[in-house]
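I have placed the structure first, in the form of structure tokens, so that the comments after it can refer back to it.
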Amino acid sequence: MQVVTICVGLCFIGACLSPYISPEKFWCIGFVGLAAPYLLTILLLSLFYWLFVNIKWGIAIILMLILGYQQISVVFAYNIKNNFSEEKDTKSIRIIDWNLRGFNGIDNDKNSKKLLRSELAESILKLNPDIVCFQEFNHSYNNIAHPNETANNIGLFSDELPYYYFSKDYQTANGYASGSIIFSRFPIIDTGRLKFPKGESALFVDVVNRHDTLRIYTTHLQSFKFKKNDYDNIEKVENNDSMALSASKNIFEKMKPSFKRRAVQANLLKEWTYKCPYPNILTGDFNDVPNSYAYFTIRGERQDAFLKKSFGIGKTFISLAPTLRIDYILPDKRFVVKQFELQDEGLSDHYMLIADLRLK
């Protein structure tokens, strides 16, 4: 038990250092950040054991937990009273963030996929949002490219959210484009885009709401880009398959460059957003957990809407593990977070994030 406690304790201390050590230079720290919730759980169980067996070891664990307060504080939200109302306060703005999974849905049935686009739009518009930020959004500017489906996905939202800015990170000759997009009920007076060296981009819109100018950012950081064989490898590891060691190696090799690229992207995003002159909100799919270098670097002094108004661990990605909160709405301190909600519409492998924010 002593050996286990020492090993877990050292790994937890490593997790505590993850906000300060860039995976670009030390990629192992990325894996430690992913494991932080599990390390914390083991430490808490060990604490109960050692308090009865050897008080000195118990005190040592308590000191480690105190040292890791910053990491513990972002894992779990403690707001028991979280009754989300679809009726929006007239003085608040409602912002939605959602990774759409390329409008592909999670159902393999062809008939279901035909209905996906309209269902997805309805599930959003019924909430009466003012700002909607999407990742993995796509649109076809040429109907010939999709003879059976025009894929006019911008048109799904244009009646109620007429203003938008689309990153178009990936484009083809036949008029197809994909990337991140911000829709707004309010007029857009300025836009900007930060292209990452590898991967997609970050973008912003400046909108005018009454007499206030607000800036909304959204981004999609580097993903692990797991394919079917990668998920099969993960399953082998979970089931202690005879090929588990080889599978683990393949997964690690795929994850290493993603940690490094996200660190670079997080640094660029921090620098780009640092001197914003307006009250602003940063949203997006960071593809990294709250215990990561990317999260702490990007968040800085911002609020985390989930931590302010929700309860639990707040998983936002459906697959793999129950601790993957990788999507965020981060308003600066000039906003009050009035409401926050995670909704699983069964239309993507990510949950929809909804927040009502009021400018102080």
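In table form, for the structure just shown:
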| quantity | calculated |
| --- | --- |
| Among (1) aliphatic (A, V, I, L, M); (2) at pLDDT 80 or above; (3) within 18 Å of Tyr293 (Cα to Cα), the one test that Leu214 misses | (3) |
| Residues satisfying the stated conditions in the range 316-347, i.e. of a type in the set (D, E, K, R) and surrounded by fewer than 20 Cβ atoms within 10 Å (Cβ to Cβ) | Asp332, Lys333, Arg334, Lys338, Asp344, Glu345 |
| Selection count where residues are aliphatic (A, V, I, L, M), in a loop (DSSP other than H, G, I, E, B) and surrounded by 17 or more Cβ atoms within 10 Å (Cβ to Cβ), scope the range 155-213 | 2 |
| The range 28-41, subset over 20 Å from the mean Cα position of the chain (by Cα) and crowded, with 18+ Cβ neighbours inside 10 Å, residue farthest from Leu67 (Cα to Cα) | Leu39 |
| Qualifying residue in the range 87-95 (condition: of a type outside the set (Val, Ile, Thr), under 26 Å from Glu200 (Cβ atoms), at pLDDT 90 or above and surrounded by 14 or more Cβ atoms within 10 Å (Cβ to Cβ)) | yes |
| Within the range 250-287, considering residues that are of a type in the set (Asp, Glu) and part of a helix (DSSP H, G or I), the one nearest to Leu357 (Cα to Cα) | Glu271 |
| Any hit, the range 74-86, residues being loosely packed, with under 14 Cβ neighbours inside 10 Å, more than 22 Å from Leu357 (Cα to Cα) and of a type in the set (S, T, N, Q) | no |
| Failed item, numbered, when Thr283 is tested on (1) crowded, with 20+ Cβ neighbours inside 10 Å; (2) without any contact (Cβ under 8 Å) to a residue 60 or more places away in the chain | (2) |
| Tabulated pairs, the range 123-141, first closer than 20 Å to Ser201 by Cα, second among the acidic types (Asp, Glu) and not in a strand (DSSP E or B), C-beta under 9 angstrom, 6+ apart or interchain | Gln135/Glu200; Ser140/Glu149 |
| Members of the range 288-334 found to be assigned to a loop (DSSP other than H, G, I, E, B), of a type outside the set (D, E, K, R) and at pLDDT 90 or above, listed by number | Val289, Pro290, Asn291, Ser292, Gly300, Gln303, Ser310, Thr316, Ile326 |
| Residue within the range 260-275 that is at pLDDT below 90, surrounded by fewer than 19 Cβ atoms within 10 Å (Cβ to Cβ), of a type outside the set (A, V, I, L, M) and closer than 26 Å to Val207 by Cβ present | yes |
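Quick grid of which residues meet (1) part of a helix (DSSP H, G or I); (2) at pLDDT below 90; (3) closer than 25 Å to Arg262 by Cβ:
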position	(1), (2), (3)
Ile6	yes, yes, no
Leu10	yes, yes, yes
Ala15	yes, yes, yes
Ser22	no, no, yes
Phe26	no, yes, yes
Phe31	yes, yes, yes
Ala35	yes, yes, yes
Lys56	yes, yes, no
Ile62	yes, no, no
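The values are calculated or read from the model by the stated rules, or taken from the named source; none is laboratory data. Quick caveat, the model's predicted, so the values are computed rather than measured. Methodologically, a virtual Cβ is constructed for each residue, glycine included, from the backbone with ideal geometry; neighbour enumeration extends over all protein chains shown.
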